[in-house]
Amino acid sequence: MPDIVLNQAAVTSADTDAVVVTAFEHGLSQAAKEADVALDGLLAEMRDAKEISGEFGECTSIRTMGRMPARQLLVLGLGKPAQLDSFRLHNAYQFAGSALRSHRASSATVFVDQAAVDAVGGNGTGGDAGADALRDVATGLLLANFEQGTRKSKPDERPALQHIAIGVISADGALGAALDEAQVLAQATNQVRSWASAPANTLTPTMLAASATALYEGTGLEVEVLDKADLEKEGMGALLGVARGSDEPPVMITVRYDGGRPDGPRLALVGKGITFDTGGISIKPAAGMELMKYDMGGGAAVLAAMWAIAKLRPAANVIGVVPATENMPGGRAYKPGDVLTSLSGKTIEVLNTDAEGRIILADGLAKARRMGATHIVDVATLTGACVVALGHATSGLMTNNASLATLVKRASEKAGERVAELPMHPEYDICLRSDVADMKNIGDRAAGTISAAVFLREFVDDTPWVHLDIAGSGWNDQEGQVQIPSGPTGVPARTFVHLARLFAEM
Ligand code: BES
Ligand code: MN
Ligand code: ZN
């Protein structure tokens, strides 16, 4: 694990490999101006020549040629201060961390601007803005240590960031604790990204369960892996139905963290764990199907968040539930027209085997209720329609309970992960009516993200519930969307950790 410390050294005396300062579109930051003096006006000249624009995410690396103890100066563009928030702060510093690694720097002193503090202080979530900004910056930097290409025979030679010092302007509040939190939050996020990017042949449902179990060792978390026989015994016909087309056995992973009063609220996090989604008999087109290895991104976020919660120990009760299977078109695969009996007792007519996420979540939600959930948040790479609606920067949020939704939104702001609410007005209770079963698994084409949520809502009854669709926000594969890092994002693991903390206050 890299070390992160606070540093009161001046820009011109920090002696790490690199020093990081910021620029805005309107001009250089205070720390950049101090570096500029040591560099005889080089930065001002580069700004005048528009070589440093201050545009968001711009990383300009400069050799200091002995004018400063650090051999390298990185100028990070933060764009417009008014547009800065926790999400953009995480992303900017992840870009900075990545640029440092590309320039062979493994130690850096990072000077944080008052503008960064103001940006997160302005989000109305209360707390200590200085500590929040510090946590976001440190987390962003650590996120840059993630590698997708760990299976290359000649691995990436970029060094990881090993030593980070953060130069702070105001030394108020629990800054040390913020750095410890950043380590846990970044590690959890990178764990999600590593699970999400793992090829499906190296991360089957069984392997995901084993990997999570190994991760939990020594944390005190109670993990239980229900195998196929257990699922049959419990009557999880929905999960078992989807799993029929695969030779890989399904599992249901449950995790318990008891940090609150035994009679207090119990938050359940339920994540879709499709380790590969071919679409089944309603098979997907070949182009781009490889990305469906991350169809367990929701489950991965739940499992990693549970680890982080066990590390940070909020006084809350949290359970994690992850139904996991492949969705394959094998000889015994479930077929359009089949009727499945879910754990809740409700029957589902399958009209499209590619709408499998909601089917396995039906059993996940029922399981969470059986485990005593008083509040449920589920997360899933559920609909292509959500990618169309919101792109890759924002998760779709749907709910049956405005106050739980408010908590999730507050947690997401703290986490630097964006959500946007989609409506569930009665007009969207579009027909899931089936002639042969309690409901069918698809509505019509319109508002596909919402009709999936309408289906899920059938399985929570009156339990306060929030559904997060991360089909777009879980993975950025949009060329040209350069304001967020490409590849797996790890959402919404950090939101879950902050949500558990908000529950501790309940
Ligand atoms: N896993 C997909 C959704 C998805 C699409 C995630 C693109 C990430 C990127 C899901 O299982 C699915 O196939 N949904 C269908 C539902 C439809 C058949 C009602 C979809 O969105 O097309
Ligand atoms: Mn599907
Ligand atoms: Zn899917």
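Inverting the mean 1/r over all pairs of different Cα atoms, compute the Kirkwood radius of the stretch 157-263 and quote it in Å.
The Cα-based Kirkwood calculation yields 17.6 Å.
Find the Cα radius of gyration of the stretch 327-393, compare it with 2.2 N^0.38 Å by division, and give the number to two decimals.
1.31
At 20 °C and 1.002 mPa s, grab the translational diffusion coefficient of the stretch 437-506 from Stokes-Einstein with a Kirkwood Rh over Cα pairs, rounded to a whole number in µm² per second.
142 µm²/s
Charges on Cβ only, +1 for Lys and Arg, -1 for Asp and Glu, centred on the Cα centroid of the stretch 27-72; of 38, 65, 28, which one is farthest towards the dipole's positive end?
65
If you find the alpha carbon centre of the stretch 152-201 and of the stretch 57-118, how far apart are they in angstrom?
Computed from Cα coordinates, the inter-centre distance equals 15 Å.
Using amide H atoms built in the peptide plane, which far-off residues or other-chain residues are under 5 Å from residue 165 H to H?
Amide H to amide H, under 5 Å and 5 or more residues apart or across chains, residue 165 pairs with 5, 108, 109, 110.
Rounded to the nearest 20 debye, what is the charge dipole size of the stretch 1-151 about its Cα centre when +1 sits on each Lys and Arg Cβ and -1 on each Asp and Glu Cβ?
On the way: 12 positive and 19 negative charges, 85 e Å.
It works out to roughly 400 debye.
Leaving out ligands and nucleic acids, note down the accessible area per residue over the chain with a 1.4 angstrom probe, in whole Å². Don't jump to the answer; show the numbers that get you there.
Numbers: 19270 Å² over 506 residues.
For the chain, the solvent-accessible area averages 38 Å² per residue.
Compute the helix-to-body angle for 493-504: its Cα long axis versus the longest principal axis of the chain, expressed 0 to 90° and rounded to tens.
Between helix and principal axis, roughly 80 degrees.
Note down the Stokes-Einstein diffusion coefficient of the stretch 25-97 in µm²/s, whole number, using a Kirkwood radius over alpha carbon pairs, 37 °C, and 0.692 mPa s.
D = 259 µm²/s.
Given +1 on the Cβ of Lys and Arg, -1 on the Cβ of Asp and Glu, and no further charges, what dipole in debye does the chain carry about its Cα centre, rounded to the nearest 20?
460 debye
With a 1.4 Å probe and all protein chains left in place, how much of the accessible area of the stretch 392-437 comes from carbon and sulfur atoms, in whole percent? Walk me through the numbers before you get to the answer.
Numbers: 1140 of 2190 Å².
The computed percentage sits at 52.
Provide Rg and Dmax in Å for the stretch 255-392, with only Cα atoms included in the calculation.
16.4, 50
How much of the accessible area of the stretch 64-129, probe 1.4 Å, is carbon plus sulfur, in whole percent?
Reported share for carbon and sulfur atoms: 51 percent.
What are the ³J(HN,Hα) couplings of the stretch 291-299, residue after residue, when phi is run through the Karplus curve with 6.51, -1.76, 1.60 and θ = phi - 60°? Round to Hz, x for glycine and proline.
Along the stretch 291-299, the couplings run 5, 5, 5, 9, 6, 9, x, x, x Hz.
On full extension of the chain, what length is gained from residue 65 through residue 462, given 0.36 nm per residue of separation minus the C-alpha to C-alpha distance?
Values: separation 397, 0.36 × 397 = 142.92 nm, distance 6.58 nm.
Length gained, residue 65 through residue 462: 136.3 nm.
Please report the spacing between the Cα centers of the stretch 479-506 and the stretch 1-19 in Å, no decimals.
Using only Cα atoms, the two centres lie 27 Å from each other.
Please compare each pair in 80/311; 233/272; 50/414; 293/414; 293/409; 228/293 to a cut-off of 24 Å on the Cα-Cα distance and tell me which ones are over it.
Exceeds cut-off: 80/311; 50/414; 293/414; 293/409.
Considering only 344, 319, 365, whose Cα is most displaced toward the positive end of the charge dipole of the stretch 273-389, charges sitting on Cβ of Lys, Arg (+1) and Asp, Glu (-1)?
The Cα lying farthest towards the positive end belongs to 319.
Per residue of the chain, what 222 nm ellipticity follows from adding -39500 (n - 2.57) for every DSSP H run with n ≥ 4, rounded to the nearest 500?
The helix-only estimate for the chain comes to -11000 deg cm²/dmol at 222 nm.
Over all directions, the average projected area of the alpha-carbon convex hull for the stretch 53-141 comes to how many nm²? Don't skip to the answer; put the middle values down first.
Details: hull surface 23.2 nm².
Spelled out: convex hull of the Cα atoms, projected over all directions, averaged, 5.8 nm².
From the phi angles alone, apply the Karplus equation (6.51, -1.76, 1.60; θ = phi - 60°) to the stretch 139-151 and give each ³J(HN,Hα) in whole Hz, x where the residue is Gly or Pro.
4, x, 4, 5, 4, 5, 7, 5, 10, 7, x, 5, 9
Where the accessible area of the stretch 262-323 is counted over protein heavy atoms with a 1.4 Å probe, how much of it, in %, is carbon and sulfur?
Whole-percent figure for carbon plus sulfur exposure: 61.
Write down Rg/Rh for the stretch 317-434, rounded to two decimals, with Rg from the C-alpha atoms and Rh from the Kirkwood relation over Cα pairs. Working shown, then result.
Details: Rg = 16.0 Å, Rh = 16.5 Å.
Rg/Rh: 0.97.
Using only C-alpha atoms and all pairs of different ones, pull out the Kirkwood radius for the stretch 220-316 in Å with one decimal.
Taking every pair of different Cα atoms in the stretch 220-316, averaging 1/r and inverting gives 15.5 Å.
Three principal axis extents, largest first, for the C-alpha atoms of the stretch 58-202, in Å?
Result, largest extent first: 46, 42, 28 Å.
Based on the Cβ-Cβ distance from residue 156 to residue 433, what FRET efficiency comes out when R0 is 60 Å, to the nearest 0.05? Present the calculation step by step, with values, prior to reporting the outcome.
On the way: r = 53 Å, r/R0 = 0.88.
With a Förster radius of 60 Å, E is 0.70.
Determine the order of 106, 451 by accessible area, beginning with the largest, at a probe radius of 1.4 Å.
Descending accessible area places them as 106, 451.
Taking the C-alpha atoms of the chain, how large are the radius of gyration and the largest Cα-Cα span, Dmax, in Å?
Using the Cα atoms of the chain, the pair Rg, Dmax is 23.5, 79 Å.
Can you give me the C-alpha center-to-center distance between the stretch 227-257 and the stretch 327-363, rounded to a whole angstrom?
Result: 12 Å between the Cα centres.
What translational diffusion coefficient, to the nearest whole µm²/s, does the stretch 320-361 have by Stokes-Einstein, given a Kirkwood radius computed over alpha-carbon pairs, a temperature of 4 °C and 1.567 mPa s viscosity?
It diffuses with D of about 115 µm²/s by this estimate.
Report, in debye and to the nearest 20, how large the dipole of the stretch 232-372 comes out about its Cα centre when Lys and Arg carry +1 and Asp and Glu carry -1 on their Cβ.
In debye, rounded to 20, the stretch 232-372 gives about 580.
The values are calculated or read from the model by the stated rules, or taken from the named source; none is laboratory data. Everything quoted here is computed from the prediction, not taken from an experiment. Note that each Cβ is placed from the backbone with ideal geometry, even for glycine, and that neighbours are counted across all protein chains shown. Side chains are part of the model used for accessible areas, which takes the heavy atoms of the whole protein and leaves out ligands, DNA and RNA. Shrake-Rupley method; radii C 1.70, N 1.55, O 1.52, S 1.80 Å.
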